[in-house]
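Below you'll find the structure, written out as structure tokens, and then a few comments.
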Amino acid sequence: MQKSVLKNHAKEGAIWGFIVLELIFFGIAGEYMSMTETAFLAPDNMILLLKQSAPLGIIALGMTIVMINGNIDLSVGATFALCAIVMLDSMTWPILAPLGDWAIPFAWGLALLTGMLMGLINGLIVWKTGVDAFIVTLGAMLGFRGLVFMYNGEQPTFHLNWTMVDIAESAPLGIPLPILVFAVCIAVVWWIMNRTVHGRNAYAIGDNREAAVNAGIKVGPHMVWNYVLIGFLAALSSITFYSESGSVNPNDGMLYELWIITAVVLGGTKLTGGRGSIIATVGGILAIQLMRKGLGFIGADTAMVNLVIGSILIAVLYLDRQLNRKGEEELKI
Amino acid sequence: MKISFRASMAVTTAIAGAAIAGAAAADTYKIGITQNNVGVDSYQTTYEKAFIAAAGENDNVEAVVLDAGGDVARQIAQMEDLIQQEVDAIIIWPTNGKAVIPAVRKAYQADIPVIVTNSNIDEQGFDFVASFSGPDNITQGSRSAEIMCDKFKEMGIEDEAQIVQISGQPGYTTAIERAKGFEDRLPEVCPDVNLVETQPGDWNREKSQKVMEAFLVKYDDIDGVYAGDDNMGVGALNAAKAAGRDGIIFVGATNFAVGYEAMGRGEYWGSIYQSPVDDAEAALKTALDILNGEDVPFLNYFDTPKITQDNMDEFSKPVF
């Protein structure tokens, strides 16, 4: 008993150990291989790292819950782009345009509603049809992306509002706003998963859906809520990012779902559901972002970065499998 | 000098890297570049190689060479990284002429001069840009008009020639500027040449071929075709060959390898030679001139010469 608790701690801590390794490696390698005199571990650079982790990280929190449920959501990248289009375009609509800068909160609200609606559609289809979430959200990924292209063809959607850019670039207490948004999201989602019935049910459903149904958990509506939540978070992520850039390409957010799932899996959440942790997912996101940024810092190109992260993902899953198998064998003895 | 170390050089080069880093002089300029999408076509790949080579030859330059991989978010992050690393100047090849404006403003606010290369950002961002280094598309259009006119004079048909134009994708600045340059210059040099119709070919060879097929049906007498780039020009040439119509003078812009080969076969008359090497070197030179406090025009064009069957030997075959 004592041993297994220890091992669980070791597993949850593994991702943080990995992050420390990365920091040490890039800290040292950066000294020798980087083009700049500024250190990789400089506080400014670390703040930038957190800021650049925020867009993927916010969505990854929702993905963790959905995956603990034993589901998945492949449509978040398309939702991300769609919400950005709604946000930027709505500011030019005749209703909102006369409001000037006051259009900003309404545009944000519309984007959030869009995200939640997309999540609701996913959730209802998963619930009512019983089709596997992978297939449903694969369809949604294509469908939502279709909506994105229908909106403005191949052209980027553009609306530059300097007030909105200034808000997005602001840094209350010296911390960039996207980091604060990310931090609040972490706190809220952590609270849901660890301190509420909803959170406990999420684990129960992912662990054994039959048993959860027998225990009287309303599995269908529960999943719908989780899809609405991830839709909301995708929209929030879109808002924090596009308020700053003011322009969205129809291809934006492509492959985001895969980066996010990679981070969640790196954090130790099981694809089959029932196990996972919000804090470990944050670790997974930071690990990936560190890898991207660190390799860039020492001069690796984009293709190299992808290759390394892919290899690490497979290595981590293999290690995890080995650890689990050993655990089961020990139990038999 | 120090240039970007590729990861493929592996960790073993760390020691060599340290030696080079130690040797760097104090008064060198650190110039960061974030490119659009290296590897997506050979123009951009050649551009990167040429940039690294040019930076390597200059002892006063340390280049931080980054590639956004066509991803706007990554390019914005790279801009932030370069600002944080306190480079002396940033060169940006925009992935999106609009989305990068706030990032360019950030560099401007950090007192880092930004040089836009190859294709310009949206006008709203001009206040934050030190200079644009790239091809002058209006001049390219007018030079194409001159190439065509000179050929007609040589053939003695400058008083009666009928021509058609296949333009680039509607809404693209490059397409609009080339068409304008051509249409403005042609009446000046060959007032009697008649431009009978213009249709967009969307930078696409197949689309251009279809447009040309329609022209050939519609007009019995076509003496010349001006295409917004060689890709479309070769599409039009293919349509003419399929229809058995000989003697048409094809003039394009941005000399592609296919255009160069067609010129070699004597089927395609001329184009505008735009070299990615010149493009890259011009961007670096613009950045250095600005850092040295020299007066640099806001629109700092590099030369894109005429190329025809007569002088094509002076140019190497384009890599794209």
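Throughout, read-outs are computed from the coordinates displayed, never taken from laboratory work. Since this is a predicted model, take the numbers as computed values, not measurements. Positions of Cβ are backbone-derived with ideal geometry, glycine not excepted, and every protein chain shown enters the neighbour counts.
Points to keep in mind about this one:
- Proxy reagent accessibility, fewest Cβ within 10 Å first, across B:Trp269, A:Trp127: A:Trp127, B:Trp269
- Phi to ³J(HN,Hα) by Karplus 6.51 cos²θ - 1.76 cosθ + 1.60 over the stretch B:285-292, Hz, x for Gly, Pro: 5, 4, 4, 5, 4, 5, 5, 7
- Relative compactness, chain A, computed as alpha-carbon Rg over 2.2 N^0.38 Å: 1.03
- Among B:Val196, A:Val224, sorting on how many other beta-carbon atoms sit within 10 Å of each Cβ, with the fewest leading, yields B:Val196, A:Val224.
- Inter-site label distance for A:Trp191 and B:Ser316 at 7 Å from Cα along Cβ, in nm: 6.4
- Gained length - A:Arg200 relative to A:Trp162, 0.36 nm times residue gap less alpha-carbon distance: 9.3 nm
- Kyte-Doolittle mean at least 1.0 and Cα axial length at least 20 Å: DSSP H helices in chain A: A:43-68, A:76-90, A:103-129, A:133-152, A:177-195, A:278-297
- Across the stretch B:85-207, C-alpha contacts under 8 Å between residues 6 or more apart give a mean separation that, scaled by the residue count, equals a relative contact order of 22 percent.
- Positive-pole candidate from A:Trp127, A:Val181, B:Ala63, dipole of the protein assembly as shown, charges at beta carbon: A:Trp127
- Considering only beta bridges that DSSP places wholly inside chain B, some 10 percent are antiparallel.
- Point-charge dipole on Cβ atoms (K/R +1, D/E -1) for chain A, about Cα centre, debye to 20: 1240
- Distance in nm between pseudo-label sites at B:Gln124 and A:Arg321 (7 Å out along the Cβ direction from Cα): 5.0
- Averaging 1/r over every pair of different alpha carbons in the stretch B:137-273 and inverting the result gives a Kirkwood radius of 14.1 Å.
- Value of D in µm² per second that Stokes-Einstein yields for the stretch B:42-84, Kirkwood Rh from Cα pairs, at 25 °C (0.890 mPa s): 211
- Measuring max minus min along each principal axis, the C-alpha atoms of the stretch A:73-120 give extents of 37, 15, 14 Å (largest first).
- Per-residue ellipticity at 222 nm, computed for the protein assembly as shown from helices alone with -39500 (n - 2.57) per DSSP H run of at least four residues, works out to -20000 deg cm²/dmol.
- Separation of the stretch B:231-309 from the stretch B:75-99 is 28 Å, based on Cα centroids.
- Residues B:Arg205, A:Arg209, B:Arg178, B:Arg143, arranged from fewest to most other Cβ atoms within 10 angstrom of their Cβ, appear as A:Arg209, B:Arg205, B:Arg143, B:Arg178.
- Mean partner shielding of peptide B:72-82, defined as the number of other chain Cβ atoms within 10 Å of each residue Cβ, is 5.
- Using the alpha carbons alone, the radius of gyration of the protein assembly as shown stands to its Kirkwood radius in an Rg to Rh ratio of 1.04.
- Kirkwood hydrodynamic radius of chain B, from inverse mean 1/r over distinct Cα pairs, in Å: 21.0
- Between B:Gln109 and A:Ile175, the FRET efficiency estimated from the beta carbon spacing at R0 = 25 angstrom works out to 0.85.
- The alpha-carbon of B:Lys49 sits under 14 angstrom from the alpha-carbons of these aspartates and glutamates, leaving out residues fewer than 8 places away in its chain: A:Asp301, B:Asp41, B:Glu57, B:Asp67, B:Asp278, B:Asp279, B:Glu281.
- R0 of 25 Å, Cβ-Cβ distance A:Gln155-B:Asp303: FRET efficiency to nearest 0.05: 0.20
- With contacts taken as Cα pairs under 8 Å and at least 6 residues apart, chain A reaches a relative contact order of 33 percent.
- Paramagnetic reach from B:Asp221 (point 7 Å along Cα→Cβ, amide N under 11 Å) across the stretch B:164-205: B:194
- Translational diffusion coefficient of the stretch B:155-201 (Stokes-Einstein, Kirkwood radius from Cα pairs, 25 °C, 0.890 mPa s): 215 µm²/s.
- Label-point separation, A:Asn208 to A:Ala42 (7 Å along Cα→Cβ), nm: 5.6
- The fraction of all Cα pairs in the stretch B:217-320 landing in successive 10 Å bins from 0 to the largest distance is 14, 39, 23, 15, 7, 2, given as whole percents.
- Unpartnered cysteines - no second Cys beta carbon under 4.7 Å - across the protein assembly as shown: A:Cys83, A:Cys185
- Shape category assigned to the stretch A:40-146 from the gyration tensor of Cα positions, a/c cut at 1.5: oblate
- Derived scalar couplings ³J(HN,Hα) [the stretch B:187-198; Karplus, 6.51 cos²θ - 1.76 cosθ + 1.60; whole Hz; x for Gly, Pro]: x, 6, 8, 9, x, 9, 6, 10, 7, 7, 7, 10
- Once the C-beta distance of B:Lys241 and B:Lys49 is scaled by a Förster radius of 35 Å, the resulting FRET efficiency is 0.50 to the nearest 0.05.
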